[in-house]
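Shown next, in structure tokens, is the structure this report addresses.
The values are calculated or read from the model by the stated rules, or taken from the named source; none is laboratory data. All values derive from a computational prediction rather than experimental measurement. Cβ placement follows ideal geometry from the backbone for every residue including glycine, while neighbour counts extend to all protein chains displayed.
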Amino acid sequence: MSRQDEIRELARVALSTGRVDYFIGWREAYNPSEVVPAFVDEPDSVDQLVWNDLCAHNLTTFLKRKMNDRPNAKVGICVKGCDSRTLVALMQENLVDRERLYVVGVPCDGLVDRRKLEKEFSDEIIDITTSNGTVSVTTHQGLTRDFPKADYLLAACGWCRYKNAVYADDVAGPPAEEADRHAKPVWTDVEAFEALSDGERDAMLEEIFATCIRCFACINVCPVCYCWDQCVNRSRRPELVSQKVDAKGNLVFQMVHMLHVAGRCPSCGACDRACPVEIPLSLLHRKMNKEIYDMFEFEPGAKLDEMPVFQCFKIEDAFGD
Amino acid sequence: MTIKYLAQDQLAAFLAHLAERARVVAPISEDGVVLFRNWEPGRQVDLEVLLAKQAPKEFMFPQTEEYLKFSYRMDTPVVDESAPPAGASDDGQVEAALPHEVIEVQAENAAPAQIIFGLRPCDARGFVQMDQVFGGYGGFYFDPLYNAKREATTLLAVTCRDPRSTCFCTAIGGCPAGHEGVDALFTQVDGGFTVEPLTEKGEAATDFAALRDASEGEAAEAAEVKVQATTRVDVPFEIDGVRDNLKANFEGTSWQDLCLRCISCGTCTYVCPSCYCFSVNDSLVETKGERYRVWDNCFNPTYTLETSGHNPREKKVNRFRNRFSHKFWYYQDKYDSLLCSGCGRCIMHCPTRIDIREVLRVMGAPAGVPEAAGAASNSAELPATDGKEA
Amino acid sequence: MRIGVFVCHCGTNIAATVDVADVAQRALSLKDVVHAENIMYTCAEPGQAAIQTAIREKKLDRVVVAACSPHMHEVTFRRCVESGGLNPYLFEMANIREHCSWIHTDIPVATDKAWDIVRMAVAKARQLEPLYANEVEVNKDVLVIGGGVAGIQAALDMADAGLMVTIVEKETTIGGVMAKLDKTFPTIDCSACILTPRMVDCAQHENIELMAYSEIDKVTGYVGNFTVDIRKKASKVDWTKCIGCEICVQKCPSKAPDSFNVGLAPTKAIYIPFPQAVPKRAAIQTEYCRWFTQGKCRVCERVCPAGAIDYEQQDEIVQKQFGAIVVATGLDTFPWEERYHEYGSGKIPDVISGIQYERMLNASGPFGGHVRRLSNGEEPRTVVFIQCVGSRDESVGRPYCSSVCCMYTAKQSLLTKDHCGMDTEVFVFYIDIRATGKGYEEFIKRVQTEFGVKYIRGRVSKLYEENGKVMVRGSDTLLGQQVEIAADLVVLASGITAVEGAAELAQKLNISYDEFGFFKEGHPKLRPVETNTAGIFLAGACQAPKDIPATVAQASGTASKVIGLLAKDKLKTSPMIAVVDQNRCVSCWKCIEVCPFSAPERQQTRSGEEKSHVIETVCQGCGVCVATCPVNCISLKGFPTDALLDQIEELLLA
Amino acid sequence: MAETAASKARGAAPTSVAAPGSGTPAARAGAPQVDRPVKIIGIVCNWCSYAGADTAGVGRFKQPANVRLLRVPCTGRIDPLFVLKAFEKGADGVLISGCHPGDCHYSEGNYYARRKFELLERMLHYLGIPKERFKWTWVSASEGQRWQQVVTDFVAGVEKLGPREGRAL
């Protein structure tokens, strides 16, 4: 049975047995090149659920407080390895009710970066299919081109060491083959930026963040960011972040987000993907996680029994002079 | 007016000519991302990508825009010596003798001439729709900042030769070659553009030696391009009755299902050519301050937050319903215009691909239509093709 | 808003380097500032009057005083504006003395800095709001840590005033260092004769509970309401049964080092430090006890008439509530053996420390008060005293004067003549003679003239053994010549150091201590017995080296402070605490996780939601929760985020 | 990565406050080098470092006059965002100082703080703020001389770099 069928079957059972009131998975949007979160509440509509190389959405986002208006519903949810770490991060803080949760782990071998493909065409993409390592893309005007999947993976998949969920009640199909998830992580992307001079980094960040439009997609889509209407980025009093939209303010704006999810953000990449102006936020959260790993050998959301590192301390911490 | 012709290889020269008298803005591709940016000689205009990521809205209505600067001065009044000394008894006298704040205000509203080239008719139409609210339609507020820029701006639109699957301008009275708000319409034909000046601004902008009168053949080709494009635009819903049906479906349960995957960010409104909401801020340090406005949007949870702490649109679904009802119902009632030009940017850029067409299909249809059920509304647009394996 | 700014000259302390008139003048250009003046001494009566007049006449609603450190006079000025009719928390202080005039010399530079400091203070003042103190019930019991003369004196004074006092002493008996001394200067009266009656008073006082052989494990709470975990160490003897008959000590077969006699002679594994011990109870040093080390013996169990021996006894934690704590942990003497290798590192038997000599002189000491050479048991004919060993000596990290050595050396040299005969040769090597107390200088003179003790001004560079003598090589800086003395006994006036574990205790109590481990008083002159932690007080040598008169005087001073504090039934708590804006709380409970005092709690709101709420009387106002709250919905009264940000912006204003 | 980041860089909307170019190294090279004393903000805990600075004052330990102190009850109360704000508003350096580990007046505040500051320091440097411009350390109430040393060294470090002009943060 394919993973997709496994997911549909687990969803069908969960819905028909009343284990969940609704089930969150993925489905195709207005065309087969777009996959969106699906909310299924009938056993007989589970067949809309899909599992393919475009299922990038981290569905944990939809467990955030105030995200859906059915606070007491029993929820089923699909999580990839990366998604599961954000879920565990929420669990570490008791911000989700495990009792009302049914988690289906979806082993994942890496997904396709649709944006990277968009850059290959001026025309609109209307269909994307993959079969054994080749991605076939069809445009609105009927042009079809093939690309090697390996070259068009999501950035997050590039640094992934958690192909299987770290927390799940059931798993859709056999686990994915995983290299040692406890191996020391690699940070080549961050190191490249670190290698620049102070001045270069500074100038580059200013240019990058000048394009931010403060739409809050990064923050609202972030699964571990839950303040909503109370986000200090919106606060006038105290005004930690100027409401003016300019490069400096935008960088502070983003640092507020980063420092608030520090120790809880596993770099799932949801913010990078959500940003309409394609700001590479991984520049910041990956760096943050690199340092957190260096400081505590801690990986956010990796273990249920751990505590986010900035909500606790060790007397023997050896920082500072 | 006569149709003119501009050869492709003359485009740069034409823009350079314009750039001498005004700032020229055009769709420019930077690392595969097309945005409206300052055009300077040597920069490539990108007309291949149909729609720039954002509408050119920000050039008429900047995301952050200053109203005025203000400053405080402490002014110590000259006390009349002859008068009896102010005793604590005489409050008024004590008041008068105290230093008082004097507030000084400077406001300036500079709007240098600018020409936007390469926007699409839907983008132009967005401005026309925005004009209603900023232009004081129906005796409402007339916004000097917006109108000064509007006045100083010429819109040189380019016909959409190959509409996207997400385009639906024709469904709401627009057209890939629409004239609304357009000062001059450029249409790509073999080897260049036909150019139709539609206003005096347009005339002035296109008054350039390299433009010659178009041949009949070129004119005919342009006409054909327009027809072709227009027929290719999808008509995903029936606009007639949408207003009334939204009203009827105001309490419809399907709003709940439709907004489930919405993350309540502001992307759709910030890329939209006609969304115009903003909030006003003061900032003051010591004696110097300024008042400015920044884009705001109805998905922002604090958008309707009242001082009391009460928020009439506290829930995501309320905010979600508002955006569509506003565009196709309230705005129409108040300003006698839709607030959507069918560009489809909100669909393309929504992090979860919320589809305005789907919303209108469901909520814009007469109440109680079977489609208006969560799961059903999902399957309603479920493509025939099955999912593919990873 | 109407802010008044008052810039203080502090005589020339500020005015010498800061153009105070200019600063006051400039202040008038600040938003909301309706009054500014410069005053010679703002804290003095005329200065305070000027502030109150301005409040009245200019209808001020905020007051900024630019003067010294708030640690100096914040309280003074809060009181001043309060009696001037303003809420005391509508006051802000700009520190332009300690932080400006005293550390800079260039007038324009210092003036500009003072101007910035004032601007920042005004920026903060704008954000201040009236605050009102809370009241908490006060627990009237007092904990005294340390049962030396300081603790005893303070405890008795407080107990006499009707307070319930608990003395926690780490040894098996109270008495401390003074109990080890033979005589006390300058009166040469017997130390025990003064102290032991007071010890007995403690034991018998109905308001005093003695907890000997106990230590402080944990301290939580705040002034008026401390909760303390006290560890009763296992003595392996049931003290409710023990009658202190000492039979066990006589019969015990295992020897053990005797800390009370500073190692002069051994004691037994089961021991009672000295005959007048209070409480007089036996304890087993298990590391030397045959039963505990080899699993056989149990002699004491057999001989004990009271059946008090309890080998199974374990440490016990007792939790008690107190309203105030007096720290009187006393002193240790400098471990000279470790640092003075030129004096033989303790390997020369006839080189001993002053405190050892006290035990030697003491009639109830191991030698029955007979002075003996440890090498051969003979009475010494030549005795040399060396002062400032572990005092006034940078090379061993002890730059300070221990303040008692000059006097106790003089006393000991006198007693030497007394015990060994006037013909005994006694030399004292000294740097300076410090005899500042009442009758001290006269005492020194007596020792030199009447008793013929020879004082040599100079340091001793080396001690070494040579045919049965201890050779003392030093210099006489007055005569400017080398001296070498063949001594039978050398007594080192080892100085005073903080007790072992002082830092750890300070950390448990959250009080500050200096680099030497002495506890820091609130202010050297204005708050000499208080600490910076409300409700915790100091007495005796734990604060700084002192002699007995000074210690007792301070202990009584401390007692009166505590009595004053606990005279009230309710205490005003600082209103500068954290408050949650529940409308903005997102119920993430991070505040609860991080609070060191468990002040935040979950609270049901009227809408039925659970939101965070800070318990006013528990919150200590550290603000950790404020910095942790992701939505900034916790405000720290007195230090609101708005104010801090405004101060930053004000300073950086281009 | 660097390339991608660079290629991401796009000029901002001309009319919006985010004036394009201001961030480009070229534009900065052209920026006039201002000559003014460096502005440093010191955020210090009330119980240790503020009092330590007092002790330095009482001891008349001379110091450079570039530091202005912001008094907070505890380093645990310092939101790292204050530091970002300070740099955003144009501080040339930020110095944070509190009680030595174990000596916190509130027993735990500085334990939380040091974790935050350590991360903050690493991030700040990454954002292009040279290490010399940010320091966090411990100075107790009795360490007047240490305070003098800390201030003197820090100011010297910042002065070597001079005032910060037109930076992203």
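Return the residue satisfying two criteria in turn: it lies in the stretch B:235-257 and is more than 10 Å from chain A (Cβ to nearest Cβ) and within 24 Å of the chain's Cα centre (by Cα), and of such residues it is farthest from B:Thr352 (Cα to Cα).
The selected residue is B:Asp240.
Rundown of residues vs (1) crowded, with 22+ Cβ neighbours inside 10 Å; (2) over 13 Å from C:Pro279 (Cα atoms); (3) touching a His at 6+ places or on another chain (Cβ under 8 Å), yes/no style:
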{"site": "C:Gln153", "(1), (2), (3)": "yes, yes, no"}
{"site": "C:Met164", "(1), (2), (3)": "no, yes, no"}
{"site": "C:Thr172", "(1), (2), (3)": "yes, no, no"}
{"site": "C:Gly175", "(1), (2), (3)": "yes, no, no"}
{"site": "C:Leu181", "(1), (2), (3)": "yes, yes, no"}
{"site": "C:Ile188", "(1), (2), (3)": "no, yes, no"}
{"site": "C:Val200", "(1), (2), (3)": "no, no, no"}
{"site": "C:Glu215", "(1), (2), (3)": "no, yes, no"}
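Within the stretch A:39-47, is there a residue that is within 8 Å of another protein chain (Cβ to nearest Cβ), surrounded by 17 or more Cβ atoms within 10 Å (Cβ to Cβ) and touching a residue at least 60 places away in the same chain (Cβ under 8 Å)?
Taking every residue of the stretch A:39-47 in turn, none turns out to be within 8 Å of another protein chain (Cβ to nearest Cβ), surrounded by 17 or more Cβ atoms within 10 Å (Cβ to Cβ) and touching a residue at least 60 places away in the same chain (Cβ under 8 Å).
Given the stretch C:501-603, what helices (runs of 4 or more DSSP H) lie entirely inside it while holding 1 or more residues that are under 17 Å from C:Thr329 (Cβ atoms)?
C:502-509, C:548-566
Check the stretch C:355-367 and report whether any residue there is under 23 Å from the mean Cα position of the chain (by Cα) and more than 24 Å from C:Ser235 (Cβ to Cβ).
There is at least one residue in the stretch C:355-367 that is under 23 Å from the mean Cα position of the chain (by Cα) and more than 24 Å from C:Ser235 (Cβ to Cβ).
Within the stretch C:217-232, is there a residue that is of a type outside the set (S, T, N, Q), over 30 Å from C:Val618 (Cα atoms) and surrounded by fewer than 21 Cβ atoms within 10 Å (Cβ to Cβ)?
There is no residue in the stretch C:217-232 that is of a type outside the set (S, T, N, Q), over 30 Å from C:Val618 (Cα atoms) and surrounded by fewer than 21 Cβ atoms within 10 Å (Cβ to Cβ).
Take the residues in the stretch A:106-125 that are in contact (Cβ under 8 Å) with a residue 60 or more places away in the chain and surrounded by 23 or more Cβ atoms within 10 Å (Cβ to Cβ); name whichever of them is nearest to the other protein chains (Cβ to nearest Cβ).
A:Cys108
With the condition kept exactly as written, say whether any residue in the stretch A:218-231 is facing chain D (nearest Cβ under 8 Å) and within 15 Å of the chain's Cα centre (by Cα).
No, that holds for no residue.
Applying the selection to the stretch C:160-182, what residues are more than 16 Å from the chain's Cα centre (by Cα), charged (D, E, K, R) and within 28 Å of C:Ile284 (Cβ to Cβ)?
C:Lys170, C:Glu171, C:Lys180
When you go through D:Glu121, D:Glu108, D:Glu143 one by one, which is the residue that is more than 10 Å from chain A (Cβ to nearest Cβ) and of a type in the set (Asp, Glu)?
Of the residues listed, the single one that is more than 10 Å from chain A (Cβ to nearest Cβ) and of a type in the set (Asp, Glu) is D:Glu143.
Is it the case that A:Cys82 is closer than 21 Å to A:Glu278 by Cβ, more than 8 Å from every other protein chain (Cβ to nearest Cβ), modelled with pLDDT of 95 or more and not in a strand (DSSP E or B)?
Against the criterion (closer than 21 Å to A:Glu278 by Cβ, more than 8 Å from every other protein chain (Cβ to nearest Cβ), modelled with pLDDT of 95 or more and not in a strand (DSSP E or B)), A:Cys82 qualifies.
Give the residues of the stretch C:556-578 that are touching a strand residue (DSSP E or B) at 6+ places or on another chain (Cβ under 8 Å) and within 29 Å of C:Cys401 (Cα to Cα), sorted by residue number.
Residues satisfying the conditions are C:Thr558, C:Ala559, C:Lys561.
Please indicate, with yes or no, whether at least one residue in the stretch C:639-647 is part of a strand (DSSP E or B) and at pLDDT below 95.
no
Step by step: first the residues of the stretch A:269-321, then only those that are in contact (Cβ under 8 Å) with a residue 24 or more places away in the chain, more than 14 Å from chain B (Cβ to nearest Cβ) and in contact with a Ser or Thr (Cβ under 7 Å, 6 or more places away or on another chain), then the one that is surrounded by the fewest Cβ atoms within 10 Å (Cβ to Cβ). Which residue is that?
By that ranking, first place goes to A:Ser282.
Scan the stretch D:66-87 for residues that are facing chain C (nearest Cβ under 7 Å) and either surrounded by fewer than 23 Cβ atoms within 10 Å (Cβ to Cβ) or closer than 18 Å to C:Lys124 by Cβ (or both) and jot them down.
Of everything in the stretch D:66-87, those that are facing chain C (nearest Cβ under 7 Å) and either surrounded by fewer than 23 Cβ atoms within 10 Å (Cβ to Cβ) or closer than 18 Å to C:Lys124 by Cβ (or both) turn out to be D:Arg68, D:Leu69, D:Leu70, D:Val72, D:Pro73, D:Cys74, D:Arg77, D:Ile78, D:Asp79, D:Phe82, D:Lys85, D:Ala86.
Just to check your reading of the model, which residue among C:Arg79, C:Arg26 is charged (D, E, K, R), part of a helix (DSSP H, G or I) and surrounded by fewer than 18 Cβ atoms within 10 Å (Cβ to Cβ)?
C:Arg79
Of all residues in the stretch B:16-32, count the ones that are assigned to a strand (DSSP E or B), within 14 Å of chain A (Cβ to nearest Cβ) and surrounded by fewer than 21 Cβ atoms within 10 Å (Cβ to Cβ).
Qualifying residue count, the stretch B:16-32: 2.
In the stretch D:146-156, which residue that is surrounded by 17 or more Cβ atoms within 10 Å (Cβ to Cβ) and more than 11 Å from chain C (Cβ to nearest Cβ) is farthest from C:Phe518 (Cα to Cα)?
Going through the qualifying residues, I end up with D:Val155.
Assess whether A:Gln243 counts as being within 29 Å of B:Trp295 (Cα to Cα), part of a helix (DSSP H, G or I) and either more than 14 Å from chain D (Cβ to nearest Cβ) or not acidic (Asp, Glu) (or both).
no
Rundown of residues vs (1) within 18 Å of the chain's Cα centre (by Cα); (2) of a type in the set (A, V, I, L, M, F, W, C); (3) closer than 30 Å to B:Glu48 by Cα, yes/no style:
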{"residue": "A:Ile77", "(1), (2), (3)": "yes, yes, no"}
{"residue": "A:Val88", "(1), (2), (3)": "yes, yes, no"}
{"residue": "A:Asn94", "(1), (2), (3)": "no, no, no"}
{"residue": "A:Tyr102", "(1), (2), (3)": "no, no, no"}
{"residue": "A:Thr130", "(1), (2), (3)": "no, no, yes"}
{"residue": "A:Arg145", "(1), (2), (3)": "no, no, yes"}
{"residue": "A:Ala168", "(1), (2), (3)": "yes, yes, no"}
{"residue": "A:His182", "(1), (2), (3)": "no, no, no"}
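Can you tell me which of B:Ala229, B:Ala209 is assigned to a helix (DSSP H, G or I) and out of contact with any Asp or Glu (no Cβ under 6 Å at 6 or more places or on another chain)?
After ruling out the rest, the residue left standing is B:Ala229.
Which one of these is buried (at least 20 other Cβ atoms within 10 Å of the Cβ) and away from every other protein chain (no Cβ under 12 Å): A:Ala168, A:Ala150, A:Ala210?
Just one listed residue meets the conditions, A:Ala168.
Within the stretch D:28-37, is there a residue that is of a type in the set (D, E, K, R), surrounded by fewer than 24 Cβ atoms within 10 Å (Cβ to Cβ), assigned to a helix (DSSP H, G or I) and modelled with pLDDT under 50?
Yes - at least one qualifying residue is present in the stretch D:28-37.
Do you know which residues across the stretch D:88-104 are over 27 Å from D:Arg167 (Cα atoms) and surrounded by fewer than 24 Cβ atoms within 10 Å (Cβ to Cβ)?
D:His100, D:Pro101, D:Gly102, D:Asp103
Do any residues in the stretch C:183-199 that are in contact (Cβ under 8 Å) with a residue 12 or more places away in the chain have Cβ atoms under 7 Å from those of residues that are buried (at least 22 other Cβ atoms within 10 Å of the Cβ) and part of a loop (DSSP other than H, G, I, E, B), where the two are at least six apart or on different chains, and which pairs are they?
From residues that are in contact (Cβ under 8 Å) with a residue 12 or more places away in the chain, the pairs are C:Ser191/C:Leu181; C:Ser191/C:Asp182; C:Leu195/C:Gly175; C:Met199/C:Ile174; C:Met199/C:Gly175; C:Met199/C:Val278.
Step by step: first the residues of the stretch B:286-313, then only those that are outside any loop (DSSP other than H, G, I, E, B) and away from chain A (no Cβ under 11 Å), then the one that is farthest from C:Ala643 (Cα to Cα). Which residue is that?
Result: B:Arg291.
When you look at B:Lys316, is it within 14 Å of chain A (Cβ to nearest Cβ) and free of Cβ contacts under 8 Å to residues at least 60 places away in the same chain, yes or no?
Answer is yes for this residue.
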